[in-house]
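Only the coordinates and a few stated rules stand behind these numbers; no lab work does. All values derive from a computational prediction rather than experimental measurement. Neighbour counts are summed over all protein chains in view; Cβ atoms, including those assigned to glycine, are modelled from backbone coordinates with ideal geometry.
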Amino acid sequence: MNKNLNIEELVAADNAHHFHPFTDHKSLHSEGGARVITQASGVHIWDGKGNKLFDAMAGLWCVNIGYGRKELADAAYRQMQDLPFYNTFFKTTTVPATLLAEKVASLLPDRFKQIFFVNSGSEANDTMVRFIRRYWEVQGQPERQHIVSRHRAYHGSTCISASLGGMSAMHAQGGLPLPNFHHVLEPDWFQHGGDMSPEEFGLKAAREVEAKIKELGPDKVAAFVGEPIQGAGGVIVPPDSYWPYVQKVCREHGIPIVADEVICGFGRTGNWWGHETMGIDPDIVVMAKGLSSGYQPIGAVAVSDGLIGDFFDKGGEFFHGYTYSGHPVACAVALENIRIMQDEKLIEHTAAIAPYVEEKMGALSDHPIVGEVRVKGLIGAIELVRDKQTRARFDDLGRVGGICREHCFDNNLVMRACWDTMVFSPPLCITEAEVDEWVDLTRKALDATYADVKGELS
Ligand SMILES: *Cc1c(COP(=O)(O)O)cnc(C)c1O
């Protein structure tokens, strides 16, 4: 960092010129401006005031190998010197793009051999939608246009990926969702399960997928799309009964299943893929974030043999791609990221440390405002409630989550609030001592939140 950098001046410049994503600028500017993050190492980040924070979000669910890995910087430096850019359109490729396609295919089940590169999760989902609709045209079934997804799904922020997602606040702006995107009940037992057992509720949610498919007409449906575990929707871990039934229904009607693995992929749930953890056999896998651990922007769509054979044979040219599809620097960095994950057995480490996180985080469920703690691999959530027995929420959903998030920051901890659900997804390199540090900070933030709201408890 430039030692002469004046943080106050920088924040003033930020307020004057920086239009931020997903930000209420009126409150940003009135509350003193953006927090400037200047450095990071392992599971920690530093802000411009010199505070060291525990990053329990791995950036935005993406820095799976942890911060500060020089090997990735070296890989980028080497590739920029050899070839900073060349495209992959019109029958050309670069060395890292081809090697990364081969590598990603090797991490997936055998039926996935073809990998399309993009620069983000949103672009990956746009690509997936364009592909699947084109696939059905090539099959002579152009009427298969409808795509079924879930409420509170997050699939990105472009017009297509925000339509595919089920975020009502995003849909409320600018005329989304686009036509032919449909959303059904999310498999969130804690929020919607009432007196049902989780297994009963999982089946109920899965039957809503079936009902929507029947309502649309199964031969009009292009795909069912889901995150194995919904991330930004509040880390919704479906009951065990959910995915098998959804998969059975889709198979019966010949409807492809798309796993959006942008968060779950690359080890997050303790396996390489969330679909392994949740017992799904998808036809398409969408990935981004963990592919490069966030060190470079890159995403990809993997398509299985069942879909690709006819598409290549009969489809002609697919008129789709991005200038930076398969960007050589991003691919070189992703390759180095995967090499580290494999050599350092990071996925095995995640699976091995997950029970420790479950035990330590799970102990927070004795807290007066915690209704549930759930953990799968190294992704999880803490539900904040007014009444532990009935799972009743505080008034004005999202308010207490916001209070808790601020107490986290005040205690040098980054955790995100999805409404009143605190979510976490720390770097996968986390150690047991770091878990202890994180859980202590979390309890402090919960205690401070409790002090603010205890008059509201029933
Ligand atoms: C973050 C995310 C996306 C969008 O990725 P961007 O790189 O932000 O475009 C898509 N799907 C899921 C599941 C995500 O979490």
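Couple of notes before you dig in:
- Extending 7 Å from Cα along the Cβ direction at N15 and again at A169 yields two label points whose distance is 2.3 nm.
- Pairs of Lys in segment 71-343 closer than 22 Å at Cα, counting only those 8 or more apart or on different chains: 15
- Translational D in µm²/s for segment 71-343 (Stokes-Einstein at 37 °C, 0.692 mPa s, Kirkwood Rh from C-alpha pairs): 173
- Helix-derived mean residue ellipticity, 222 nm - over the chain, DSSP H n ≥ 4, -39500 (n - 2.57), to 500: -12500 deg cm²/dmol
- Residue-wise HN-Hα couplings along segment 433-449, as the Karplus relation 6.51 cos²θ - 1.76 cosθ + 1.60 with θ = phi - 60° gives them from phi, are 4, 6, 4, 4, 4, 5, 5, 4, 5, 5, 5, 4, 5, 5, 4, 5, 5 Hz; Gly and Pro carry x.
- For segment 1-40, applying the loop criterion from DSSP together with a ceiling of 13 other beta carbons within 10 Å to the trypsin sites (Lys or Arg not before Pro) yields K3.
- Per residue, the convex hull volume that the Cα atoms of the chain enclose (Å³): 151
- Lysines with Cα under 20 Å of K454, excluding same-chain neighbours fewer than 8 positions away: K388, K444
- Going from the residue with the fewest nearby Cβ atoms within 10 Å to the one with the most, C331, C250 rank C250, C331.
- Bridge type composition, segment 71-343 - antiparallel percent by DSSP, nearest 5: 45
- Ranking of S30, S293, S120, S161 by neighbouring Cβ atoms within 10 Å, starting from the fewest: S30, S120, S161, S293.
- Ascending count of other beta-carbon atoms within 10 Å, so fewest first, for F22, F117: F22, F117
- GluC sites (Glu not before Pro) within segment 227-318: DSSP coil, no more than 11 neighbouring Cβ in 10 Å: E317
- Only aspartates and glutamates eight or more places from K360 in sequence, or on another chain, were considered; those with a Cα closer than 18 Å are D55, E372, E383, E432, E434, D436, E437, D440, D447.
- Using alpha carbons only: equivalent-ellipsoid semi-axes of segment 317-431, gyration tensor based, whole Å: 35, 21, 13
- Distance from the C-alpha centroid of segment 94-169 to that of segment 188-214: 26 Å, rounded to the whole angstrom.
- Spin-label pair R391/T38, simplified geometry with 7 Å Cα→Cβ offset, distance in nm: 4.5
- When both bridge partners sit in the chain, DSSP labels roughly 70% of those beta bridges antiparallel.
- Loop-located GluC sites (Glu not before Pro) in segment 140-234 whose Cβ has at most 13 other Cβ within 10 Å (DSSP): E143
- Approximating the spin labels as points 7 Å out from Cα along Cα→Cβ, the A73-to-K26 distance works out to 4.2 nm.
- Sequence-separation-based contact order of segment 34-100, relative, with Cα cut under 8 Å and 6+ spacing, percent: 19
- D313-S458 FRET efficiency (beta carbon distance; Förster radius 41 Å; 0.05 resolution): 0.05
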